[in-house]
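Taking it in order: structure first as structure tokens, then the write-up.
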Amino acid sequence: MDTARLISDRARAVDASGIRRIFDLGARLKDPINLSIGQPDFPVPEPIKRAAIRAIETDQNGYTPTQGVPVLQGQINDWLATDLGWDARPAGSAEPGQPSTLVTTGTSGALSLAFAALLNPGDEAIIPDPYFVAYPHLCTLAGAKAVLCDTGEDLRLTAERVEPLITERTKLVLLNSPSNPCGVVSTPEECRDLLELCRSRGVLLISDEIYDEFTYPEFATDRAVGDPSLARCPSPARLPGAHEDVLLIRGFGKTYACTGWRLGYAAGPRDLIAEMAKIQQYTFVCAPSAFQHGVSACFDVDMGDLVREYQRRRDLVVERLSPLTDVPTPGGAFYAFPRVPERLGMSDTQFVERCVERNVLVIPGSVFSTRADRFRLSYATRMDQLERGLDVICELLGA
């Protein structure tokens, strides 16, 4: 059978990830210096491993409620009450007007459910440029249009930049802070202005905060609502009444190095969470059961030392590259997004090819953007590997 003729236009409209192409290229290299992957290089903390193993050994391996196992739901709700002041309860149990929560198959699963629940063919979603690679394709799969917002030289999504792009077809604005690929952290003022704009225009604000625990101290300028002693990443979800206008998406994989466990959660308007839960019931069914029990141990694990170690790597990247090119100081996550200087006379892809020739893997910026003048560097790797990779990159930049 000629199955090629059966493939849907929807599938054909989705390109393979440019990141995967670099991974495939790296597989041909012998012991490459891999600065391309957004995968934490530390092991899953022992209490979280133990909790997952106990769940498997005690036969907690079957389906869970679509909304998530009760113990994890309760811990998420307690944390949202502390961090945001939200009274978040499981879908189906919240009082009218109250937010609710849904455990999802990664944050990508949460985004997929949200886009499916919100977007009709022809609707529009405003996303930042640069963007996480999945964002435009999630729109495509929903039959909607991704409207790219140029974030300028400072790589910041602001209300001023978003407002001219809102039309009668706009359903949502997507904020990613700390961001992938840039590491940019929105300020409290930027979060407030963006939420006020969305409220005034009847548009949902989705806040993708997969890297919220990886915010470096000088950028963690907000405070947890229920515990003001905790410095936290600025978030529109922390503003009064945000549970009615913000869909919050967070996850466990990046913070606790369990990316392959595929666990995240969504919280926000009750009606929307209920629709997302309904779609999850007929697609993902539920998030992985034993791993839900595993990450229930994460709320007692302090990741501060590891975040400080990543800050030390961030500082090295900025120190080495900033004399040679423009590199906005990452406020969180574990990526830098340096510019390929015009004086080199090459595109981002050409520069990355030069890096690959020297056994260093980075990602062309055009994978994440309509522009082709930057590259993404991940410093989620050992310090000795990072230093070796920076030596090569600095030499190619003209040091």
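Name the residues in region 135-154 that are touching a strand residue (DSSP E or B) at 6+ places or on another chain (Cβ under 6 Å), in a helix (DSSP H, G or I) and of a type in the set (A, V, I, L, M, F, W, C), would you?
Cys139 - this is the single residue of region 135-154 that is touching a strand residue (DSSP E or B) at 6+ places or on another chain (Cβ under 6 Å), in a helix (DSSP H, G or I) and of a type in the set (A, V, I, L, M, F, W, C).
Scan region 155-176 for residues that are over 21 Å from Arg339 (Cβ atoms), touching a residue at least 24 places away in the same chain (Cβ under 8 Å), not basic (Lys, Arg) and not in a helix (DSSP H, G or I) and report the count.
So the answer is 7.
Starting from region 349-360, keep only residues that are in contact (Cβ under 8 Å) with a residue 24 or more places away in the chain, then list their pairs with residues that are open to solvent by less than 40 Å² (accessible area, probe 1.4 Å) and part of a loop (DSSP other than H, G, I, E, B) whose Cβ atoms are within a distance under 6 Å, requiring at least 6 positions of separation or different chains.
Matching pairs, first to second residue: Phe351/Val340; Val352/Val362; Cys355/Val362; Asn359/Pro32.
Could you list, in sequence order, all residues of region 294-314 that are outside any loop (DSSP other than H, G, I, E, B) and of a type in the set (D, E, K, R)?
We begin by selecting, within region 294-314, every residue outside any loop (DSSP other than H, G, I, E, B); these are 294-295, 298-300, 304-314.
Residues satisfying the conditions are Asp300, Asp305, Arg308, Glu309, Arg312, Arg313, Arg314.
Could you run through region 203-221 and say how many residues are out of contact with any Ser or Thr (no Cβ under 9 Å at 6 or more places or on another chain) and over 28 Å from Val301 (Cα atoms)?
Total satisfying the criteria: 2.
If we scan region 221-242, do we find a residue that is in a helix (DSSP H, G or I) and closer than 21 Å to Tyr256 by Cα?
Filtering region 221-242 for residues in a helix (DSSP H, G or I) gives 236-238, 242.
Those left that are additionally closer than 21 Å to Tyr256 by Cα: none.
Within region 221-242, none of the residues are in a helix (DSSP H, G or I) and closer than 21 Å to Tyr256 by Cα.
Mind listing whichever residues of region 184-229 are surrounded by 24 or more Cβ atoms within 10 Å (Cβ to Cβ), over 20 Å from Gly264 (Cβ atoms) and out of contact with any helix residue (DSSP H, G or I) (no Cβ under 6 Å at 6 or more places or on another chain)?
Within region 184-229, Val184, Cys198 qualify.
Among the residues of region 223-241, is any modelled with pLDDT of 95 or more, among the β-branched types (Val, Ile, Thr) and over 17 Å from Gly68 (Cβ atoms)?
no
When you scan region 370-383, do you find a residue that is assigned to a helix (DSSP H, G or I), open to solvent by less than 10 Å² (accessible area, probe 1.4 Å) and either of a type in the set (Lys, Arg) or over 21 Å from Ala27 (Cβ atoms) (or both), even just one?
In the first step, residues of region 370-383 are kept if they are assigned to a helix (DSSP H, G or I); the result is 383.
Subsequent filtering for residues that are open to solvent by less than 10 Å² (accessible area, probe 1.4 Å) retains none.
Scanning region 370-383 turns up no residue that is assigned to a helix (DSSP H, G or I), open to solvent by less than 10 Å² (accessible area, probe 1.4 Å) and either of a type in the set (Lys, Arg) or over 21 Å from Ala27 (Cβ atoms) (or both).
Just checking, does region 24-46 include any residue being at pLDDT below 95, open to solvent by 60 Å² or more (accessible area, probe 1.4 Å) and part of a helix (DSSP H, G or I)?
yes
The values are calculated or read from the model by the stated rules, or taken from the named source; none is laboratory data. Keep in mind the model is a prediction, meaning the values are calculated, not measured. As a convention, Cβ positions derive from the backbone with ideal geometry for all residues, glycine included, and neighbour counts pool all protein chains shown. Note: areas computed on protein heavy atoms with side chains; ligands, DNA, RNA excluded. Shrake-Rupley method; radii C 1.70, N 1.55, O 1.52, S 1.80 Å.
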